[in-house]
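Readers should treat all values here as calculations from the given coordinates under stated rules, not as data from a laboratory. None of these values were measured; they are calculated from a predicted model. Every residue, glycine among them, receives a Cβ derived from its backbone with ideal geometry; neighbour counts consider all protein chains shown.
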Amino acid sequence: MAMLCTTITEWIEDEISKPIEQWEEERYEKCKKRPWWHPLRWLCWFVTRLVKVIRWIVVTVVTAVVTVVCHAIADVLGIILDAFIGIVLLLVALITWDKCALQAALAHLGNAVGAALNLIGDVLIRPIIQRIQLYRLSNYVEEQINEKFGSRPEVAEALKERFNVNYGAFGYRLTCRLYRMYVDSATSSPTEPGVANLYTLHRDGLINLYDLAGFDQDCAIFSEKGWYRPRHQALISPFVPVGQNSPQRLSRDQLTEYIESAGVRGPHFRIYSISPWNLGMRERAASEKGRQLGLRISFKREDKEVIDPQFINYNRFPINLGADVDCSTKQKGQMDYLICELGRRPKSDFTCCPYGQQPQMITGSPDEARAELCSPVAVAVFGFIDKTSRGLASNLIGTTHCGDRNLSASIASGVSFIDDIPDEMRKYVLIHELGHYYGLCHVDGFDRMMVSGKGDQGSLWTGDAIPNTLLHGGPRFIFRESQRVWDFILTNFPLSCFGIEEDIIL
């Protein structure tokens, strides 16, 4: 979708009743009481005292809110652009018989059709329904705060103010650290000093550099595996735009030169798990849909180099989890990356096995692990070993309300995802995984954000999926899901997450 947006400033006024405490000086005359005929009854003096006065005033707060207005224009332009690119790629595929070009063409045309069908719901209906849902949600959150903290009114009022329950834009404002994996051709191997790490990994069959750089892909149209197509970005140094010049892409011949020379010749290059443009698309989708949950999510990006082949080929679930493990046989998974690479705090002791280095014991701390819940992390990975997965969430607490779809508790928290096509569908993977992070389970129906479609995790097709998708402008979070997210937050987040200095777990 094109993101041609016009930024405007919208002024919002809120009237707030606020107590004002002031000390005022009060002066009065004091006289001795005597009979009317007494000559000293006129002898008086002045007394001055300080009085604390509390006045309630109505304050009008004018807030400048920068709003990005882009739906109506950008949706139409995005449809036109996707259709144009799809037609061009289709012609290229017919001329060259390139399966990957044909697959990309179908993806772009699918994006255009999907966006066109959802246009009216996205632009006209969704904002109204979302506003109603947020109003209902703010009332629900106020009720839950009053119920949980009725005996501690100072905490209740602080929480209501933190979430703007009674005035302003309701929601929980938080920042998610968003990591983008990359590998670097110049990095030396930890196991063979002086030799390029990427060359040794390719030589030993631990990774396939041609596949990692996007040169060898299946692209089978009628195969589920063929549609598993992470879009990595292979660039030549310099890796950031300089002036008017964009970074150059690595060619297959240059990669071959690097491999055949054992990593000595060829340009300095990096391969990123996702391009900045596609990452931004997923950020925007997450921020927009997160508002339906009452979450005001912003993202802080960071590029993170990876040298361990077990993280380049990302495993969902580790084997030999815990502290007493043999690093020579350990199969690493998301817990290893979250704890050992990103520094997330585990609930229990954990042994890290850095690639080519000595093991390191990480001491567990349940309180510190909970304190990190309000600082979510997400990782754009190269790809999962399980080719049916596009994302993975580690929920610290687990769930009990989802029956056979319950989330198991993890010893650390965080999510991961890949960049994949078609964008109209895959751009929501990040916010889907963040939904799991906050305690949501899989559901039925492709009109819902938490749908999975996997065999035991729900069905894509329900009777009302199509009309609901058109009405709401794409997949959505329903009101019950937003309630469960706030139940999860108010039950499991420590007060320190909300700026309340008190070491008490809610």
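Annotations
- Between the stretch 255-301 and the stretch 406-452, the Cα center-to-center distance that results, in Å: 18 Å
- The chymotrypsin sites (Phe, Trp or Tyr not before Pro) of the stretch 209-277 meeting both criteria, a DSSP state outside H, G, I, E and B (loop) and at most 11 other C-beta atoms within 10 angstrom of the site's C-beta, are PHE222.
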